[in-house]
Amino acid sequence: MSGSQQASIHGEWGSRWAFVLAATGSAVGLGNIWRFPYVVGEYGGAAFILVYLGCILLIGLPVMIAEILIGRTGRQSPINTMRTLPARYGAKPVWQILGWLGVVAGFLVLSFYSVVGGWSLAYVPYTMTGAFTGADTATVDEFFSTLLGSPGRLLLWHTLFMAFTAWIVMRGVEQGLEKAVRLLMPILFFLLLVMVGYGMGAGAFTEALEFMFTPDFSALTGQAVLVAMGQAFFTLSLGLGAIMAYGSYLSSRSSIPVNSGAIAGADTLIALIAGLAIFPIILAAGLDMQQGPGLVFVTLSYGFGQMPGGLLFGTVFFILLSFAALTSAISIMEPATAYLVESRGWQRPLATATIAGAAWLLGIGSLLSFNAWSGYTLFELNFMEIAEYLSTSIMLPLGGLLIALFVGWVMPLQVSEGELAFGNRWLYRSWLIAVRYVVPVAIAVVFLNALGVLG
Ligand code: TRP
C-alpha cells in the first residue's frame, strides 16, 4: 500500500480548495507585505527582486512540490515522517535531522513573527483613532519609534498576537480557518490595489517602477543573494515542515504540482503588488528606503494619513494584515503541534499552549532588542536580527536543501512520479533535474558565495 492511501490521524482537508486556501494563507503574510519591501529597500531594488524571482521559480517551486510530496507520502508530522520514510526506503536515519531542524527553525520564526504581528495589531487602534490623519513623515516616524521604545506596549501586542494564534491552532485543522481565509484574502488584495492606485496618482510611480524593475547588478553582494534566497523560502513557507504538515492532510487525488503553482503564483503576485503600493509613497515622500523593519508601517501609515478615506482603508488594512499574519503563524506552529499530539499523546490544546508559550518567551528577546537590549549585538546584529537571519537565511534554505536531496535521491522514482502525476514526462523530468541538481547546487553556491569562499 502506498503511503498516501492512508489518511492522517489529524484529519484531512475537506476539499482541494481547503488545502490551497490554507497553504496560500500560510504563504501570504508578513513575508509579502512587511519583509519583502523592507529587504528590497535595504538591498537596493531591481537586481535583488530579479534574484528573488529566480529563486522562487528555480528553487522555491520545485522545493514546494517536494515538501508537499514528502508530507503527503508520509502522512505524519514532519518529525515522524522523516523517521518513517527513510526507513521505508532503506536510507539512514540521519534524515530525521530535517524534521528537528524544522521544529527549531519554527520556534525562531514564530518568536519574531509574533512580535511583528503585534505591530500590525497595534496599528489598528492607532489608525482608527486618526493618529495618522494628515500627519507628516516625522510624525509617523516618531510613532513607530515610540512603539519600539516601549517594551510594555510591545509585550502587550506580542502576547495578544501569540494568544490569537494559539487559540486558532487549538481548534484544529479546518474549523473556522477556511472561511476566514476565503473571505479576508480577497479583501486584503483589493486594499493593496487601492494603495497601488493611490501611489499611481499621488506617488512617484514611474520612479518606483524603475527602482523595482531596472536592475543594477554591480551593487549586488553575495550577502544580498543569500537574503533574496532566504526571502524566497520565507515567503513560500518552505523549509521548516509547515507546508509538509499541510501536505500530510491533502487528499491523494489532488494535484501537487498544480496546487504548488497556484500558491507560489498568488504569493509572488501579492509581494510585487505590495511593492508597487509602497515604493511610490516612499520615493514621493522622501522616506528612508533603508530604514529596515519599520519601512512598511511608517510608509503605509503616512500614505493612509494623506489619502481620502484613509482612516477607513487604513484601519481595515491593518486588521487584514493581522489576519494574514495569523494564517501564516498557525502554519508555523503546526509541525511541532502535530508531533506532540502524535508521538507524545498530548491533547491538542496542551501542545499548542506549550509551543506558543515557548515561542512567546523567545519573542521577548526580539522585542527587547529594540530598546533595553539594543546594545547587545553579535556581528553587529541584535537579538531579533540574529533570530531572523539564522532562521530565514540559513535554516530554511538548509531545510530546502535536505528536502530536495531526499526526494531527488532517496525517494524511489516510481513513488515521486506516481504521486506527482504531472501527466507529462518532460515536466516530471524537469522537476527531477531541479531537485537533484539545480536546487542543491544553487543553495550550496549561494551559501559559499555569502561566506566569501568563492571570492
Ligand atoms: N510565509 C509566511 C509569510 O510570508 C511566513 C511563514 C508561514 C513561514 N509559515 C512559514 C516562513 C514556514 C517560513 C516557514 O509571512
Tell me which of these H10 doesn't satisfy, since it passes every other one: (1) in a helix (DSSP H, G or I); (2) more than 15 Å from the chain's Cα centre (by Cα).
-> (1)
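So that you can scan it fast, the table gives a plain yes or no per residue for (1) assigned to a helix (DSSP H, G or I); (2) at pLDDT 95 or above; (3) under 17 Å from F112 (Cα atoms); (4) open to solvent by 30 Å² or more (accessible area, probe 1.4 Å):
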{"residue": "G314", "(1), (2), (3), (4)": "yes, no, no, no"}
{"residue": "F317", "(1), (2), (3), (4)": "yes, no, no, no"}
{"residue": "T337", "(1), (2), (3), (4)": "yes, no, no, no"}
{"residue": "L361", "(1), (2), (3), (4)": "yes, yes, yes, yes"}
{"residue": "L405", "(1), (2), (3), (4)": "yes, yes, no, yes"}
Of the conditions (1) more than 16 Å from the ligand (Cβ to nearest atom); (2) touching an Asp or Glu at 6+ places or on another chain (Cβ under 7 Å), I403 clears all except one; give me its number.
-> (1)
Just a yes or no: is a residue in segment 14-24 touching a residue at least 40 places away in the same chain (Cβ under 8 Å), in a helix (DSSP H, G or I), among the polar types (S, T, N, Q) and open to solvent by less than 10 Å² (accessible area, probe 1.4 Å)?
-> no
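Does F189 satisfy being open to solvent by 50 Å² or more (accessible area, probe 1.4 Å), within 16 Å of the ligand (Cβ to nearest atom) and either under 19 Å from L21 (Cα atoms) or within 18 Å of the chain's Cα centre (by Cα) (or both)? Give the steps one after another, and end with the answer.
Details: open to solvent by 50 Å² or more (accessible area, probe 1.4 Å): yes; within 16 Å of the ligand (Cβ to nearest atom): yes; either under 19 Å from L21 (Cα atoms) or within 18 Å of the chain's Cα centre (by Cα) (or both): yes.
Answer is yes for this residue.
Quick one: count up the residues across segment 311-341 that are more than 20 Å from S301 (Cβ to Cβ) and more than 19 Å from the chain's Cα centre (by Cα).
Result for segment 311-341: 4.
Mind counting the residues in segment 81-115 that are more than 30 Å from L160 (Cα to Cα) and either of a type outside the set (A, V, I, L, M) or loosely packed, with under 14 Cβ neighbours inside 10 Å (or both)?
14
Mind checking whether some residue in segment 277-298 is in contact with an Asp or Glu (Cβ under 7 Å, 6 or more places away or on another chain), open to solvent by less than 30 Å² (accessible area, probe 1.4 Å) and in a helix (DSSP H, G or I)?
From segment 277-298, those in contact with an Asp or Glu (Cβ under 7 Å, 6 or more places away or on another chain) are 283, 290, 292, 298; that's our starting set.
Cutting the leftovers down to open to solvent by less than 30 Å² (accessible area, probe 1.4 Å) gives us 292, 298.
So of that shortlist, the ones also in a helix (DSSP H, G or I) come out as 298.
Scanning segment 277-298, I find at least one residue that is in contact with an Asp or Glu (Cβ under 7 Å, 6 or more places away or on another chain), open to solvent by less than 30 Å² (accessible area, probe 1.4 Å) and in a helix (DSSP H, G or I), so the answer is yes.
So which residues in segment 412-436 are without any contact (Cβ under 8 Å) to a residue 24 or more places away in the chain and over 26 Å from the mean Cα position of the chain (by Cα), if there are any at all?
Looking only at segment 412-436, we keep the residues that are without any contact (Cβ under 8 Å) to a residue 24 or more places away in the chain, and these are 413-414, 417, 423-426, 428-430, 433.
Passing the criteria: L413, Q414, E417, G423, N424, R425, W426, Y428, R429.
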Selected residue [touching a helix residue (DSSP H, G or I) at 6+ places or on another chain (Cβ under 6 Å), within 26 Å of A208 (Cα to Cα) and touching a residue at least 12 places away in the same chain (Cβ under 8 Å)] from V296, V316 = V296
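Residue check: is F370 in a loop (DSSP other than H, G, I, E, B) and crowded, with 18+ Cβ neighbours inside 10 Å? Working first, answer last.
Working: in a loop (DSSP other than H, G, I, E, B): yes; crowded, with 18+ Cβ neighbours inside 10 Å: yes.
Spelling it out, F370 is indeed in a loop (DSSP other than H, G, I, E, B) and crowded, with 18+ Cβ neighbours inside 10 Å.
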Cross-chain or 6+ apart pairs with Cβ under 9 Å, segment 441-453 first and not in a helix (DSSP H, G or I), then not hydroxyl-bearing (S, T, Y) | G452/G222; V453/F447
Among the candidates L381, L451, residue that is more than 29 Å from K92 (Cα to Cα), surrounded by fewer than 13 Cβ atoms within 10 Å (Cβ to Cβ) and of a type outside the set (K, R) = L451
Look through V196, V227 and report the one residue that is part of a helix (DSSP H, G or I), in contact (Cβ under 8 Å) with a residue 12 or more places away in the chain and open to solvent by less than 10 Å² (accessible area, probe 1.4 Å).
-> V227
Number of the condition not met by W167 [criteria: (1) outside any helix (DSSP H, G or I); (2) under 23 Å from the mean Cα position of the chain (by Cα)] | (1)
Only one of (1) of a type outside the set (D, E); (2) away from the ligand (no atom under 16 Å from the Cβ); (3) open to solvent by less than 70 Å² (accessible area, probe 1.4 Å) fails for I168. Which number is that?
-> (2)
Is it the case that segment 245-262 has a residue that's closer than 16 Å to F36 by Cβ, in a helix (DSSP H, G or I) and either in contact with a Cys (Cβ under 6 Å, 6 or more places away or on another chain) or more than 16 Å from the ligand (Cβ to nearest atom) (or both)?
-> no
Could you list, in sequence order, all residues of segment 76-121 that are away from the ligand (no atom under 14 Å from the Cβ), over 22 Å from H10 (Cα atoms), in a helix (DSSP H, G or I) and among the hydroxyl-bearing types (S, T, Y)?
-> none
Segment 232-243 - residue that is near the ligand (Cβ under 10 Å from one of its atoms) and more than 10 Å from A27 (Cβ to Cβ) and, of those, surrounded by the most Cβ atoms within 10 Å (Cβ to Cβ) = G241
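The values are calculated or read from the model by the stated rules, or taken from the named source; none is laboratory data. Note that the coordinates shown come from a computational prediction; the quantities given were computed from them, not determined experimentally. In this analysis, Cβ positions are derived from the backbone assuming ideal geometry, glycine residues included, and neighbour counts consider all displayed protein chains. The protein model used for the area step is the full one, side chains on, heavy atoms only, and it has no ligands, DNA or RNA in it. Shrake-Rupley method; radii C 1.70, N 1.55, O 1.52, S 1.80 Å.
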